[in-house]
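See below for the structure under consideration.
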Amino acid sequence: SETVERHEFGAEVGRLLDLVVHALYSDREIFLRELVANAADAMDRRRFEALTSAASALPADAKVRITPDKAARTLTVSDAGIGMSKDDLASNLGTIARSGTRAFSQTLADAKPQDGKEDEKPSLIGQFGVGFYSAFMVADRVTVTSRRAGTDEAWTWASEGQGSYTLEPATREEPGTTIVMHLKEDADEYLESYRLDHLVRKWADFITVPIAIVEDGKEESANQGTALWRKAKSEITPEQYEEFYRSVGMNFDKPWATLHWRAEGALEFSALLFVPGMKPFQAVEGERESKVRLHVRRMFITDDAKLLPSWLRFVQGVVDTEDLPLNVSREMLQTTPALAKIRRAVTGRVLSELTSRAKDAEGYQAFWENFGPVVKEGIYEDHERRAEIAPLLRFKSSAVEGWTGLADYVSRMKDGQEAIYYLVADDADALARSPQLEGFRARGLEVLLLSDHVDAFWPEQLARFEEKPLRSVTQGALDLSKFSGDAEAGEAPAGVDDLVAKIKAALSDDVSDVRATDRLVDSAVVLAAGGNGPDLQMQRLLRRAGR
Ligand code: ADP
């Protein structure tokens, strides 16, 4: 009819759909997790919005309903959530909005299917989530009918997952979203309610919004919605903790750390937090803010409350408090002193867990390799806790194998050595080849080797550790002459002054000074930064940034 509008998908959606349909066949059951999570989020968002707008109050019996229809061969997931306007449908379901999804499709496109790594794909999906588009793993046609809460217009989005989708006006009695999947021939299993029930228990048991499976008009509740964090530790098995971890962060690995405690007294809250065992893409490259979920008396409020500083953004889990009203608004989240106290307490607890786990070098290594670069951001972002973060840092070094910390470095310092030396470069290779190290090696002076991109920024901020200043070896004015070693620190050979003067004349426009140095052993020349100016790597970064 005339009211049907046809639109082309964004190019990236086309590519993602192709991958979803063809590459992920074996993991396709996760489509239900993705749709149910979206539905539950939409209901949480509606409840939250209702605090400021009466138009969108969530009905008391609101549920996510999963309805298989064998005769029609459809599976329907409907919710009473916030809903989507016509524009929302076009932008949320017609383009790839999230950087995570884009990166996921790139990663999959780069992975060669024949290299025997098929079994790594589930964890890839777990990390990125393909979201709504995963419906096309089981369906060859999907319709989405939605009405935005607070409006009375409804629209239907429909697509066969190939190049285009349509939008047309629809009717829907109440706000919310209904997704109808016309199942592929080989997807019959998703018409069986026992199978659906199993999947909800597996993937969505801890979602606190009620989920029901509807068969012959009867609703069976499928999730327990247990607030695991409210139970006593002694009542929880390790398996339950792991299941919860998997559902809260959509993870597939085991947590590296599980922190579960209850604060009583002036401030009351329960917290159940995890440090992942693997590096989730989002935590490091994507989102910059902590996504730890805030609940008030079990009820989910928001994952936007920044309960942890961004240098701990890889921590996942839930904080549930008595000390906020249920109708806490966004503005209140910014300003209420109770939340500031909770943030402080939760951050302190995570920090002390890391501090104690850092004593076990082997166990800590796995953590450091995943999240070290993020933790280093804390040195320049979190002035208040800088002194507590510094002992958590680990480095490669010119003197020892594996990882080492600042305290260990200090304990190895030579007599008369006043500073902690470090060198920053783009990667481990550049560090190993660097002529900057020659003089230090020859004198048995240890240098910390830094190659994360944050390394250009934090050492100056930290400035000192146990009273010892941190000094970049590329900064010009270091005098090594008092340390003897393989390199004989004698008089400069005759003629050097002449040579230096000639080079200086030739390069006069390009350098501020040319000096004879005792810092080299094999190489003829090396670049150094001016005594008080920024370190060389910092100068490189500034140049790249066009400063
Ligand atoms: P993600 O949920 O991870 O952002 P999706 O592809 O699953 O990615 O969904 C894209 C967007 O579409 C969501 O962020 C949300 O804004 C919207 N959306 C999806 N499902 C629903 C729903 N059931 N109700 C309301 N909005 C939805």
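The values are calculated or read from the model by the stated rules, or taken from the named source; none is laboratory data. Every value quoted in this text rests on a predicted model; they were computed, and no experiment measured them. Ideal geometry is used to build each Cβ from the backbone, glycine not excepted, and the neighbour counts take in all protein chains shown.
In the set ALA338, ALA305, ALA257, which member is surrounded by fewer than 22 Cβ atoms within 10 Å (Cβ to Cβ) and out of contact with any Lys or Arg (no Cβ under 8 Å at 6 or more places or on another chain)?
Of the residues listed, the single one that is surrounded by fewer than 22 Cβ atoms within 10 Å (Cβ to Cβ) and out of contact with any Lys or Arg (no Cβ under 8 Å at 6 or more places or on another chain) is ALA338.
For ALA366, are the conditions met, namely being part of a helix (DSSP H, G or I) and more than 17 Å from the chain's Cα centre (by Cα)?
Taking the combined requirement at face value, the residue does not satisfy it.
If you take the residues of the stretch 288-306 that are part of a loop (DSSP other than H, G, I, E, B) and touching a residue at least 40 places away in the same chain (Cβ under 8 Å), which of them is nearest to ASP382 (Cα to Cα)? Spell out the reasoning first.
Taking the stretch 288-306 and keeping what is part of a loop (DSSP other than H, G, I, E, B), we get 288-292, 297-298, 303-306.
Restricting the remaining residues to those that are touching a residue at least 40 places away in the same chain (Cβ under 8 Å) gives 292, 298.
Values: VAL292: 18, ARG298: 30 Å.
Across the stretch 288-306, the extreme among qualifying residues is VAL292.
Does any residue of the stretch 200-219 turn out to be free of Cβ contacts under 8 Å to residues at least 60 places away in the same chain, assigned to a helix (DSSP H, G or I) and surrounded by 18 or more Cβ atoms within 10 Å (Cβ to Cβ)?
No, there is no match, as no residue in the stretch 200-219 is free of Cβ contacts under 8 Å to residues at least 60 places away in the same chain, assigned to a helix (DSSP H, G or I) and surrounded by 18 or more Cβ atoms within 10 Å (Cβ to Cβ).
Would you call VAL346 surrounded by 14 or more Cβ atoms within 10 Å (Cβ to Cβ) and either on the phi < 0 side of the Ramachandran plot or under 24 Å from the mean Cα position of the chain (by Cα) (or both)?
Answer is yes for this residue.
Conditions tested, residue by residue: (1) at pLDDT 95 or above; (2) among the hydrophobic types (A, V, I, L, M, F, W, C).
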{"residue": "LYS306", "(1), (2)": "no, no"}
{"residue": "ASN327", "(1), (2)": "no, no"}
{"residue": "ARG349", "(1), (2)": "yes, no"}
{"residue": "VAL374", "(1), (2)": "no, yes"}
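Which of (1) over 22 Å from THR145 (Cβ atoms); (2) within 34 Å of the chain's Cα centre (by Cα); (3) exposed (fewer than 15 other Cβ atoms within 10 Å of the Cβ); (4) not aliphatic (A, V, I, L, M) does GLN162 not meet, given it meets every other one?
Every listed condition holds for GLN162 apart from (1).
Any residue in the stretch 37-50 that is among the aliphatic types (A, V, I, L, M) sitting within a Cβ distance under 7 Å of a residue that is assigned to a helix (DSSP H, G or I) and surrounded by 19 or more Cβ atoms within 10 Å (Cβ to Cβ)? List the pairs, counting only those 6 or more apart or interchain.
Short answer, once both residue conditions are applied: ALA50/SER56.
So that you can scan it fast, the table gives a plain yes or no per residue for (1) over 28 Å from ARG15 (Cβ atoms); (2) among the β-branched types (Val, Ile, Thr):
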residue: SER159; (1), (2): no, no
residue: GLU168; (1), (2): no, no
residue: ILE179; (1), (2): no, yes
residue: ALA187; (1), (2): no, no
residue: VAL200; (1), (2): yes, yes
residue: GLU219; (1), (2): yes, no
residue: ARG230; (1), (2): yes, no
residue: LYS254; (1), (2): yes, no
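Would you check if SER91 is surrounded by fewer than 17 Cβ atoms within 10 Å (Cβ to Cβ), more than 13 Å from the ligand (Cβ to nearest atom) and hydroxyl-bearing (Ser, Thr, Tyr)?
The answer is no for SER91.
Name the one entry in GLN224, GLN240 that is of a type in the set (S, T, N, Q), closer than 25 Å to SER78 by Cβ and surrounded by fewer than 18 Cβ atoms within 10 Å (Cβ to Cβ).
Just one listed residue meets the conditions, GLN224.
Being more than 15 Å from VAL473 (Cβ to Cβ), touching a strand residue (DSSP E or B) at 6+ places or on another chain (Cβ under 8 Å) and loosely packed, with under 13 Cβ neighbours inside 10 Å is the filter here, so list the residues in the stretch 408-443 that pass it. Steps first, answer last, please.
Going through the stretch 408-443, the residues more than 15 Å from VAL473 (Cβ to Cβ) turn out to be 408, 410-412, 415-416, 426-429.
Cutting the leftovers down to touching a strand residue (DSSP E or B) at 6+ places or on another chain (Cβ under 8 Å) gives us 410, 428.
Listed by number, the list holds a single entry, ALA428.
Can you work out which of the residues in the stretch 322-361 that are outside any helix (DSSP H, G or I) and small (Gly, Ala, Ser) is farthest from ALA257 (Cα to Cα)? Step through it out loud before you land on a result.
Quick first cut of the stretch 322-361, residues outside any helix (DSSP H, G or I) only: 322-329, 336, 358-360.
Next, from what is left, pick out any that are small (Gly, Ala, Ser): 329, 358.
Details: SER329: 32, ALA358: 12 Å.
The residue in question is SER329.
Mind checking which residues of the stretch 28-55 are within 12 Å of the ligand (Cβ to nearest atom) and either over 17 Å from ASN251 (Cβ atoms) or more than 24 Å from the chain's Cα centre (by Cα) (or both)?
PHE31, LEU35, ASN38, ALA39, ALA40, ASP41, ALA42, MET43, ASP44, ARG45, ARG46, GLU49
What are the pairs with Cβ atoms under 6 angstrom where one residue, in the stretch 131-148, is at positive phi and the other, located anywhere, is within 9 Å of the ligand (Cβ to nearest atom) and not aromatic (Phe, Trp, Tyr)? Sequence gap at least six, or different chains.
These pairs meet every condition: GLY131/GLU34.
Among (1) within 16 Å of the ligand (Cβ to nearest atom); (2) under 19 Å from ASP18 (Cα atoms); (3) not in a helix (DSSP H, G or I), there is one condition SER134 misses while meeting the rest; what is its number?
(3)
Being touching a Lys or Arg at 6+ places or on another chain (Cβ under 8 Å), more than 11 Å from the ligand (Cβ to nearest atom), modelled with pLDDT of 90 or more and not acidic (Asp, Glu) is the requirement here; does THR67 meet it?
No, not satisfied.
Quick one: which helices (runs of 4 or more DSSP H) lie wholly within the stretch 377-448 and hold at least 2 residues that are under 30 Å from LEU351 (Cα atoms)?
Hits in the stretch 377-448: 386-389, 406-412.
Suppose we filter ALA263, ALA232, ALA271, ALA257 for residues that are of a type in the set (A, V, I, L, M), within 30 Å of ALA62 (Cα to Cα) and touching a residue at least 12 places away in the same chain (Cβ under 8 Å); which single one remains?
Sole residue among the options that is of a type in the set (A, V, I, L, M), within 30 Å of ALA62 (Cα to Cα) and touching a residue at least 12 places away in the same chain (Cβ under 8 Å): ALA271.
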